[in-house]
Amino acid sequence: MAPLSGPQNGAHRVCRPALCSLGSYARDVLKLLGVADIARLLGITRQRVEQLAQRDDFPEPAGLVGGRRRVWHEADIRRWAKKTGRKVR
């Protein structure tokens, strides 16, 4: 996985000049969440997110921040939550 940009407003966004010029819709599609963000979104603990991340049906991380912190596309997490019947906050 390739390293991505750092945090902004409690979540992570990939914002390179070519992507930033696409507008807010494209940037929202690319919103990235860390383990704590996913825990808040799903109303579960960070430890439970780590357990779920080991499952075959959980989305693959989008990349690493800081060389070691995994992040996921918010859209992938929301889609997975809907598919598995989980409530999103």
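Only the coordinates and a few stated rules stand behind these numbers; no lab work does. All values reported here derive from a predicted model rather than from experimental measurement. Cβ placement follows ideal geometry from the backbone for every residue including glycine, while neighbour counts extend to all protein chains displayed.
Each Lys or Arg adds one and each Asp or Glu subtracts one; over the other residues with Cβ under 11 Å from the Cβ of ARG40, this totals +1. Under 5 Å from the amide H of GLY63 lie the amide H atoms of VAL71, each residue being 5 or more positions distant or on a separate chain, with H modelled from the backbone and absent for Pro and chain starts. In straight Cα distance, which aspartates and glutamates are under 15 Å from LYS31, not counting same-chain residues fewer than 8 positions off? LYS31 reaches GLU60, GLU74, ASP76.
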